[in-house]
Amino acid sequence: MVGLSLYLIQFLCFDGSGFYFPCYLVNSPQFKPFFSRDRNFLDKNNFIGFIASGGGEIPLHIKNDNNYNLREYFNNAPDIDENLEINKEIKSILGVFDNQKLNKILFDFIFMAKKGVYGFDKTILNNSSDTNYYKVVQPKKKLKLESLPLDIQDKLNKIRLNISIEETDKINIESILS
């Protein structure tokens with residue numbers, strides 16, 4: 001399997017309705033350049049997750065105007081635990097076996113897991129029709145909705161998925177929302 005070399009550049013994107021959100025330009029010799037956007041969500045047990053779009057569309061249910069403010073909050077939130085669990089299959093999923101390259105690719109997922117947030121990524125990068133995501137990382141100490149400021153709780157309550165992110169390694173957004 002050919003190793004995946006990714007170059008990430010983070011910046012703010014404008015969604016056309018007056019909101020800015022963090023997104024990434026992903027460039028790789030194996031793929032055409034594409035944008036990846038992060039979106040936070042809440043599960044049925046009040047645990048917090050985020051998905052990276054991997055160059056695909058994010059369903060409208062998760063594509064929420066509040067997500068920029070959520071990401072800004074989590075970027076500034078303190079770490080609650082350094083212990084986390086990275087998907088055991090991540091090297092074969094990504095085709096990256098060099099730990100230094102892998103750490104660069106996983107930086108954002110690890111950053112969020114230290115804050116108690118689960119991270120999911122697109123299964124097939126740069127495929128807008130793919131609605132499958134796999135769990136990249138999970139925190140050992142999980143952040144729960146009740147521990148957040150009320151304004152952040154209100155925003156997360158608007159983007160709730162009827163799943164338990166503790167019990168799943170994969171999410172098919174389309175099947176959850178249909």
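The values are calculated or read from the model by the stated rules, or taken from the named source; none is laboratory data. This one's a predicted model, so the numbers in the text were calculated from it and none came from an experiment. We place every Cβ from the backbone using ideal geometry, glycine too, and count neighbours over all the protein chains shown.
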Yes or no: ILE93 among the aliphatic types (A, V, I, L, M), within 14 Å of ALA52 (Cβ to Cβ) and surrounded by fewer than 15 Cβ atoms within 10 Å (Cβ to Cβ)?
yes
Can you run down the residue pairs with Cβ atoms below 6 Å, 6 or more apart or on separate chains, where the first is in region 145-168 and over 23 Å from ASP79 (Cα atoms) and the partner is surrounded by fewer than 14 Cβ atoms within 10 Å (Cβ to Cβ)?
ASN162/LYS44
Would region 147-167 turn up any residue that is at pLDDT 85 or above, out of contact with any helix residue (DSSP H, G or I) (no Cβ under 7 Å at 6 or more places or on another chain) and more than 23 Å from LEU70 (Cα to Cα)?
yes
Yes or no: LYS104 closer than 28 Å to GLN153 by Cβ and not aliphatic (A, V, I, L, M)?
no
Enumerate the helices (runs of 4 or more DSSP H) found wholly within region 82-178, keeping only those where 3 or more residues are under 15 Å from ASP38 (Cα atoms).
99-113
